[in-house]
Amino acid sequence: MYVLGVETSCDETSVSVVKDGKEVLSNVVLSQIDIHKEYGGVVPEIASREHVKGVTYVFDKAIKEAQIKYQDLDLIAVTKGPGLIGSLLIGVNAAKVISLNYDIPIVGVHHIAGHIYANNIDNTMEFPLLALVVSGGHTELILMKEHYDFFKLGETQDDAVGEAYDKVARVLGLPYPGGPVVDNMANKGKDTLNFPRPMIDSGDYNFSFSGLKSHVINTHHNMVQRKEEINIENFCASFQEAVTDVLVHKTIMAKNEYNIKQIIVAGGVAANSGLRRKMIDKIKDVPIYFPNMAYCTDNAAMIATAGYFQYLKGFKTDDLYLNGQSRLNMEE
Ligand code: KG4
Ligand code: ZN
């Protein structure tokens with residue numbers, strides 16, 4: 001089954017062709033990072049316009065690279081939410097045009113389901129599994145008993161972990177997106193500041209990163225006022241240690257409570273080297289999988305893969321009334 005995936009929920013215009021929920025025949029990602037960098041974050045209106053500019057080119061390139069024709073497609077899977085509404089609408093409408101023109105069924109996919117299914121590309125998901133979802137907009141622990149069955153064990157009560165990375169980077173004067181830069185700096189430093197580990201002993205599966213973010217920002221501010229020398233590498237290492245301690249601790253708690261076959265990590269922050277190391281180091285009794293770097297941040301291959309399993313599960317397909325939704329609950 002050839003599935004065309006379409007992802008435009010934020011600042012990447014991406015289209016991909018995936019065969020049978022696994023074999024990536026093409027995955028074209030047109031990133032807008034260089035444009036948004038100038039503003040220190042994604043500007044929604046600019047993002048929509050850039051999607052409009054790039055979308056036709058990205059569609060045709062993905063089809064060409066996969067060496068197929070639009071007529072050969074069996075299914076179209078497009079991110080319907082959550083995300084920036086203007087951005088989502090570009091992908092959803094382009095996908096509907098192809099669906100209508102070639103009479104191909106279409107399914108709207110939840111963006112986070114896509115991040116989770118990125119783990120089926122280079123590995124094979126086995127159930128029950130525990131998914132730690134860590135991205136710019138999400139931080140949650142999800143239990144899956146079978147394909148396309150998502151039960152949220154807990155989630156962030158405020159900021160997402162990627163968002164905290166980006167804010168901390170901004171305070172330190174590092175470029176957007178901050179996650180990879182802070183990660184890189186952290187690898188060269190040591191945890192000298194011992195920042196708080198928020199909610200580590202809360203006994204549930206929820207997270208909170210806004211207090212830690214403020215604490216880190218205040219610490220930086222005070223150090224600047226006192227004209228103390230700031231070792232950015234140690235500063236980043238201290239932040240990363242605090243964040244990853246909490247993420248790994250809660251993942252272990254959930255692993256111990258539920259009888260699971262594997263742990264998967266999903267979303268942009270799954271690219272984090274400190275998180276990868278700590279997870280592998282601390283969890284030995286259950287296999288842990290991370291998507292390849294190319295499938296950690298936003299891409300359409302993950303949406304095609306998720307769409308394939310959503311379709312196989314027998315969920316209703318969508319029609320031309322399919323719309324983007326800026327907020328969307330995955331469990332529904
Ligand atoms: O999943 P994603 O591409 O977009 C959302 O759906 O949110 O995630 C983007 C987020 C950004 O906050 C970025 O800073 C973060 O993932 N990120 C990282 C790393 N690479 C990307 N955070 C920490 N360490 C990294 N290596
Ligand atoms: Zn994402």
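Cα centroid separation, the stretch 61-136 to the stretch 212-229: 42 Å. Short-range pairs are left out: with C-alpha atoms under 8 Å and at least six residues apart, the relative contact order of the chain is 27 percent. Over the stretch 1-145, Cα pairs under 8 Å with separation of 6+ residues give a relative contact order of 24 percent.
How much length, in nm to one decimal, is gained on full extension between Asn187 and Asp103, taken as 0.36 nm per residue of separation minus their Cα-Cα distance? Write out the running numbers ahead of the final one.
Working: separation 84, 0.36 × 84 = 30.24 nm, distance 5.04 nm.
Here the segment from Asn187 to Asp103 would lengthen by 25.2 nm.
Membrane-span-like helices in the chain, defined purely by DSSP H runs whose alpha carbon atoms cover 18 Å or more axially and whose average Kyte-Doolittle hydropathy reaches 0.0, are 85-102, 232-257.
The Cα atoms of the stretch 230-332 define a convex hull whose projected area, averaged across directions, is 9.6 nm². The alpha-carbon of Lys145 sits under 12 angstrom from the alpha-carbons of these aspartates and glutamates, leaving out residues fewer than 8 places away in its chain: Glu126. Would you list which aspartates and glutamates come within 13 Å of Lys22, measuring only between C-alpha atoms, while excluding same-chain residues fewer than 8 positions from it? Within the straight-line limit of under 13 Å, Lys22 reaches these aspartates and glutamates: Asp122.
Here the relative contact order of the stretch 125-291, from alpha carbon pairs under 8 Å that lie six or more residues apart, stands at 29 percent. A full extension of the chain between Ile85 and Glu146 corresponds to an added length of 18.9 nm, given 0.36 nm per residue minus the alpha carbon distance.
By the rule of a C-alpha distance below 25 Å, with chain neighbours fewer than 8 residues away ignored, the lysines paired with Lys37 are Lys53, Lys167, Lys188, Lys213.
Once both labels are positioned 7 Å from their Cα atoms along Cα-to-Cβ, the gap between His249 and Lys64 label points is 5.2 nm. Paramagnetic label reach from Lys261 (point 7 Å along Cα→Cβ; backbone nitrogen cut-off under 17 Å): within the stretch 1-35, residues 22.
Per residue, the chain reaches -13500 deg cm²/dmol at 222 nm when only DSSP H runs of four or more residues are counted, each adding -39500 (n - 2.57).
FRET efficiency for Arg49 and Thr124, Cβ-Cβ distance as r, R0 = 51 Å, nearest 0.05?
On the way: r = 39 Å, r/R0 = 0.77.
Computed FRET efficiency for Arg49 and Thr124: 0.85.
Using a Förster radius of 45 Å, what is the FRET efficiency between Lys19 and His221 based on their Cβ-Cβ separation? Nearest 0.05, please. So the FRET efficiency works out to roughly 0.30.
Max-minus-min Cα coordinates of the chain on each principal axis give 65, 46, 30 Å, with the largest extent listed first.
For the stretch 208-311, run through the trypsin sites (Lys or Arg not before Pro) and keep only the ones in DSSP coil with at most 11 other Cβ atoms within 10 Å of their Cβ. Intermediate results must be reported in sequence, preceding the final value.
Working: sites: Lys213, Arg226, Lys227, Lys250, Lys255, Lys261, Arg276, Arg277, Lys278, Lys282, Lys284; in loops: Arg226, Lys227, Lys261, Lys284.
Passing sites in the stretch 208-311 are Arg226, Lys227, Lys284.
None of the figures in this text is laboratory data; all of them are computed from the coordinates on show. Everything numeric in this text was worked out from a predicted model, so none of it was measured. With ideal geometry, Cβ positions are generated from the backbone for all residues, glycine too; neighbour counts draw on all protein chains shown.
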